[in-house]
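Report on the following structure.
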Amino acid sequence: MNILIVNNCKLPVIYYGGTERVIWYLGKTLTRLGHKVSFLVAQGSMCGFAKIIERNPELDVIDQIPKDIDLVHFHFTPKGVEKLQVPYLVTIHGNPNPAESLDKNTVFVSENHAKRHNAEAFVHNGLDWDDYGNPQLDNKRSYFHFLAKAAWRLKNVKGAINTTLKLKGEKLHVLGGSRLNIKMGFRFTWQPRARFYGMIGGEKKINQLKHSKGLVFPVRWHEPFGLAIIESLYFGAPVFGTPYGSLPELVSHNIGFLSNSSTKLIEAMRHCQDYDPKTCHDYAATHFNAEKMSKAYLNLYESVVQGKEINRNSPQTIAVDTPKFLDWVK
């Protein structure tokens, strides 16, 4: 099959970039499985295993689709997608605006994500764990970590810091933010036991995860998926987070603990050594790998190529009266 993957990003990703990482591994694995893959992405992109077609931001993306493509896989909802003359899928990676119109061939990244949009089709994200190397599960673990874009208040880095530092002598390493944030409202975090490492990636991030006692992830929104969860588990770090969005779907009792109460999370974190690093690792490696993700997408590709609809109805956000920030009990 001749597959075109379309996104607004530049490839490859170096630091922060969850969607970029997912589509890179999707394309790489589809190629290994015998399919021809091209990326229609931002100018300046490079790839050794697939053809790069640079997007012209001045033109409609629909008008830049080559004519020899069997299927187009968008990773955002493009304008005028209904005009496309070839089969296509649209994966939504975030929580779209309730007013946004979603295509009937939309795929979500968790079952919870799909249900919240009155849809059935979802594919869990997967990563190519070969790129992550040896997890070294017997490493000494001397701190907890937070992994997300800390500037987003919905990710609740403040809650992660305050929860961790209530444990005597414990430290939190914040991966994905700085101590001083000005762009999204002036914030300065002074606690010396919270260390900030910025938007790190590659070996620097991996080395941090290898020595962590656990991921502290008290998000205050319905997390669509959360690559931070599976990356942390791969390196043997259990997850301590809130029960929102995909988290109950991804985090079972033997690999982490979920609560919107800081007090309850503190008690669970106090017993972090009770979680077996190998159990955490094996779970992530088995259930959230790039091959499993790619084969799930191939099944959906076959359906749309045959003219089948992957959702019974056009997805839409189910109207729920919830605050912007979900409950977090200090």
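Among the residues of region 296-327, those identified as assigned to a helix (DSSP H, G or I) and without any contact (Cβ under 8 Å) to a residue 24 or more places away in the chain are ASN299, GLU302, SER303. With respect to ALA119, is the statement that it is farther than 25 Å from LYS213 by Cβ, modelled with pLDDT under 95 and in the same structural domain as PHE76 (by TED's automatic domain parsing) true? Here the answer is no, as ALA119 does not meet what is asked. GLU267 satisfies every condition listed in (1) touching a strand residue (DSSP E or B) at 6+ places or on another chain (Cβ under 7 Å); (2) farther than 20 Å from ILE92 by Cα; (3) assigned to a helix (DSSP H, G or I) except (1).
Name the strands (runs of 3 or more DSSP E) wholly within region 1-79 that hold at least 3 residues that are of a type outside the set (D, E, K, R)?
By residue number, 2-6, 36-41, 71-74.
A residue that is among the β-branched types (Val, Ile, Thr) and in contact with a Gly (Cβ under 9 Å, 6 or more places away or on another chain) occurs somewhere in region 23-31. You will find that of TYR275, TYR301, TYR283, the residue that is within 30 Å of TYR88 (Cβ to Cβ) and either within 20 Å of the chain's Cα centre (by Cα) or surrounded by 14 or more Cβ atoms within 10 Å (Cβ to Cβ) (or both) is TYR301 and no other. A count restricted to region 24-38 and to residues that are surrounded by fewer than 23 Cβ atoms within 10 Å (Cβ to Cβ) and more than 20 Å from LYS67 (Cβ to Cβ) stands at 6. Quick check on LYS330: is it of a type in the set (Lys, Arg), closer than 30 Å to HIS35 by Cβ and either surrounded by fewer than 20 Cβ atoms within 10 Å (Cβ to Cβ) or assigned by TED's automatic domain parsing to the domain that holds GLY202 (or both)? So LYS330 does not fit the description; no.
Pairs, please: C-beta under 7 Å, at least 6 apart or cross-chain, first residue over 15 Å from LYS278 (Cα atoms) and in region 249-267, second among the hydrophobic types (A, V, I, L, M, F, W, C) and in a loop (DSSP other than H, G, I, E, B)? If the second residue must be among the hydrophobic types (A, V, I, L, M, F, W, C) and in a loop (DSSP other than H, G, I, E, B), the pairs left are LEU258/VAL251; ASN260/TRP328; ILE266/LEU167. Inspect region 112-119 for any residue being polar (S, T, N, Q), more than 30 Å from GLU249 (Cα to Cα) and part of a helix (DSSP H, G or I) and give the result as yes or no. No - not one qualifying residue is present in region 112-119.
The values are calculated or read from the model by the stated rules, or taken from the named source; none is laboratory data. The structure displayed is predicted, hence computed values, not measured ones. Please note: Cβ atoms are built from the backbone with ideal geometry, for glycine as well, and neighbour counts cover all protein chains shown.
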